[in-house]
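Everything below concerns the one structure shown next.
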Amino acid sequence: MPPPGYPPAPGYAARPPYAGFWQRFGGYFLDSILYGLLIVPFIIAFVVLLGIGLEDCYSDPFTDEIVCNGREKAGPIVGGAFVLLAGFVIVVFVYLRALARTGQTWGRKIVGIKVVRTDNGAAPGWGKAIGRSLFAGFISANIFYLGYLWMIWDGEKQAWHDKVAGTYVVSA
């Protein structure tokens, strides 16, 4: 960054400021709600199909077994499971596609932040988006959210998954 009052050197592109904790939290929270709403129709379809498959069944109070009068209908239950799985895959694809192509998921776009690569400032791309999301879900979140909280005291405001994937979160 050039000193105040001096123009940047030729070819120098100023990096937008790093996103703060509350901006990132807001984006995460909105993403949870919005992408959660996207899967609701699939959950409803699963519950309806499960109800159809188990409509003549009851739980035996003495053995805790499910007893069905007549024939079990496995088709709707299996179909419901596939609908739920398809919904999950669709939501993950939509989320990762937005992150990979633009660096902005729906929630991040609303709060005005985006994920960029550390090497060139472009959108992360599919590999970094997938790796970042997997690391965030399995490591950063599962150790008391320490991987997410790390950005509070990190000089470059990077969470663990940002460091591993080579990304920053900046103001858009």
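The values are calculated or read from the model by the stated rules, or taken from the named source; none is laboratory data. Computed from a prediction, not measured in an experiment: that's the story for all the values here. Cβ atoms come from the backbone with ideal geometry, glycine included; neighbour counts cover every protein chain shown. SASA here: full protein model, heavy atoms, side chains in, ligands and nucleic acids out. Shrake-Rupley method; radii C 1.70, N 1.55, O 1.52, S 1.80 Å.
What the table shows:
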{"quantity": "Value of [θ]222 nm, deg cm²/dmol, for the chain, DSSP H segments ≥ 4, -39500 (n - 2.57) each, nearest 500", "calculated": "-17000 deg cm²/dmol"}
{"quantity": "I139 paired with W22, simple spin-label distance in nm, labels 7 Å along Cα-to-beta-carbon", "calculated": "3.0"}
{"quantity": "Label corresponding to volume of the Cα convex hull per residue in Å³ when calculated from the structure given, among (1) 122; (2) 267; (3) 142", "calculated": "(3)"}
{"quantity": "Relative contact order %, the stretch 104-172, counting alpha carbon pairs below 8 Å whose residues are six or more apart", "calculated": "39"}
{"quantity": "Within a Gaussian network of the chain (alpha carbon springs, distance under 10 Å), most fluctuating of G20, G103, G79", "calculated": "G79"}
{"quantity": "For the chain: accessible area per residue (Å², 1.4 Å)", "calculated": "62"}
{"quantity": "Non-local Lys pairs in the chain, i.e. 8 or more apart or on different chains, that have alpha carbons under 23 Å apart", "calculated": "8"}
{"quantity": "Surface accessible to a 1.4 Å probe, F93 within the full protein complex, Å²", "calculated": "110"}
{"quantity": "FRET efficiency for R117 and L37, using Cβ-Cβ distance with R0 set to 41 Å, rounded to 0.05", "calculated": "0.90"}
